[in-house]
Amino acid sequence: VSTQSTGSKLLTASADQTARIYDAATGKCETVFKFAEKPATEFQQLGCLWVGDALLSMSLGGVISYLDTANPNTPARRIFGHNKTVTALAFDAADNAFYSGCAAGLTLRWDAATANNERVAGAGHSNQVQRIAIDGDTVYSAAMDDTVRVASRGAGGAYSASISTEGLPFDLAVAKGAVVVGTNKAVQVIRNNAVVHTLAGSHEATAVAISPDAAEVAVGCSDNVVRVYKLAGDTLEPLRELAGHRGAVTALAYSPDGSKLASVCKMRLVKVWNSADGAAVGQRRVVPPQRRAAFRSPFRRTALAL
C-alpha cells in the first residue's frame, strides 16, 4: 500500500493482477488497473509506490508499470529487463539498438540511446539463449532448447520461424543469408529457414564463424583444433586445420575484410591467423578466459568480450 502525499487516497497492489486506488475516508475503490486478461503468475502485483503525480506498480515478472488513471488497462510506461543471467548480446548498428538473451530464454530489444526496451514478440525460446546474430533485416538466435529461431529486425519485431538443430547449440554465425550453427553433435547450414546441410563430427563444435562474403566457415572444436571449410553452395568442404590451442576453442571471428581469423580457447590463448593460407600471425594470453571475439580497426588488433 502507498499513500498519496495529501493522505486522501491509497494505492494498493495485489496478487489478483490488479492495482487499485481507494478513497482513504470512505474506503471506496475509485480506479482499477488491470494487467492481464488471463490469469498468469507473472502479472501478480507485489508492491506499489505513489510519488508526486507518479503511480508505480511492480509485478512478479519484474515489470515496473507507470499507471495512467485516464487509461487504467494500459500503463503509460513499462520498465523491465532480464530476471536471469544475460548470456547473449548482438548490436544492431543500423538502428543503434541491441538485442539481449538470457538463461530464461527471453530475448529483448533495447534502444541504445534511451535504454527503452521491448520483448521480441511471438513464440520465443524456452531455454537459455546461446547466441544472437543479425543479418540484414533478420535476427537469428540459437538456444539450449535445440532450436534456431528467426525474427524480424527493428521495433515491434517478432519471431516467425523455428528450426530444430542436431543437438545442443553452442554457437551461431550468419552472413549473406547463410546461417551456420555449431552443436555438440554437428555443424549445420541453414538457408531460407531450413537445414540444407549437416556435417557430423567426432568432436563438439564449440564455436563457429563465417567470413563476410559467406565463402568460408571456421569451426572451433572441443579437441582444441580450428577446422576451416569452404562453403560451396550449401555444402561444407574441408580446407585446412589450424592447430596450436591447448584447450577447447571458445570463440572465433573473421576480420571485416575477411583476411584474418581470430580464435580463443579455454586456456586464455588468443591466436590470429591469415585466412588465405592458415598461417599464424600473432598470439596473446588474456585474463580471464574469453567467450567472444571481435575485430576492431586496425585489423591487426582484436577486441575481446566475455
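The values are calculated or read from the model by the stated rules, or taken from the named source; none is laboratory data. Predicted, not measured: the structure shown is a model, and the values here were computed from it. Here the Cβ is made from the backbone with ideal geometry for all residues, glycine too, and neighbour counts use every protein chain on show. To get the accessible areas, we keep the full protein, side chains included, count just its heavy atoms, and leave off ligands, DNA and RNA. Shrake-Rupley method; radii C 1.70, N 1.55, O 1.52, S 1.80 Å.
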Next item on the list: Among the lysines, select those whose C-alpha is under 29 Å from the C-alpha of K176, and discard any that sit fewer than 8 residues away in the same chain.
Entry: K185, K230, K260, K271
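Would you kindly calculate the translational diffusion coefficient of the range 1-56, applying Stokes-Einstein with the Kirkwood radius from alpha carbon pairs, for 37 °C and a viscosity of 0.692 mPa s, and quote it in µm² s⁻¹ without decimals?
Details: Rh = 11.6 Å.
Estimated via Stokes-Einstein, D reaches 283 µm²/s.
What accessible area per residue comes out for the range 14-132, rounded to a whole number of Å², with a 1.4 Å probe?
Here the per-residue accessible area is 54 Å².
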Notebook entry, point to check: Per residue, how much accessible area does the range 216-265 have with a 1.4 Å probe, in Å²?
Noted result: 36 Å²
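Suppose R0 equals 41 Å. What FRET efficiency, 1/(1 + (r/R0)^6) with r the Cβ-Cβ distance, do A94 and Y22 give to the nearest 0.05?
With R0 = 41 Å, the Cβ-Cβ based efficiency is 0.30.
Could you sort M58, M267 by accessible area so the largest value comes first, with the probe set to 1.4 Å? Display every interim value, and only then the final one.
Values: M58 75, M267 95 Å².
Greatest to least solvent exposure: M267, M58.
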Checklist line | Ranking by accessible area, most exposed first, for K28, K260 with a 1.4 Å probe | finding: K28, K260
Note to self: Using all alpha carbons of the range 113-177, what is the percent of pairwise distances in each 10 Å bin, ordered from the shortest bin to the longest?
What the structure shows: 22, 52, 24, 2
Next item on the list: Along Cα→Cβ, 7 Å out, is where each label goes; now give me the distance between the ones at A294 and N274 in nm to one decimal.
Entry: 2.8 nm
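Note down the Stokes-Einstein diffusion coefficient of the range 161-239 in µm²/s, whole number, using a Kirkwood radius over alpha carbon pairs, 10 °C, and 1.306 mPa s. Could you put the intermediate results ahead of the total?
Numbers: Rh = 12.1 Å.
Translational diffusion coefficient: 131 µm²/s.
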Notebook entry, point to check: Lys/Arg Cβ at +1, Asp/Glu Cβ at -1, dipole of the range 83-227 taken about the Cα centre: which of L168, A207, G124 is farthest positive-ward?
Noted result: G124
Next item on the list: Compute the FRET efficiency between D53 and D137 as 1/(1 + (r/R0)^6), taking r as their Cβ-Cβ distance and R0 = 45 Å, and round to the nearest 0.05.
Entry: 0.65
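For the chain, give the percent of accessible area contributed by carbon and sulfur heavy atoms, probe 1.4 Å, rounded to a whole number. Present the calculation step by step, with values, prior to reporting the outcome.
Details: 7300 of 14780 Å².
Roughly 49 percent of what the probe reaches on the chain is carbon or sulfur.
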Next item on the list: Give the value in nm², to one decimal: projected area of the alpha carbon convex hull of the chain, averaged over all directions.
Entry: 18.0 nm²
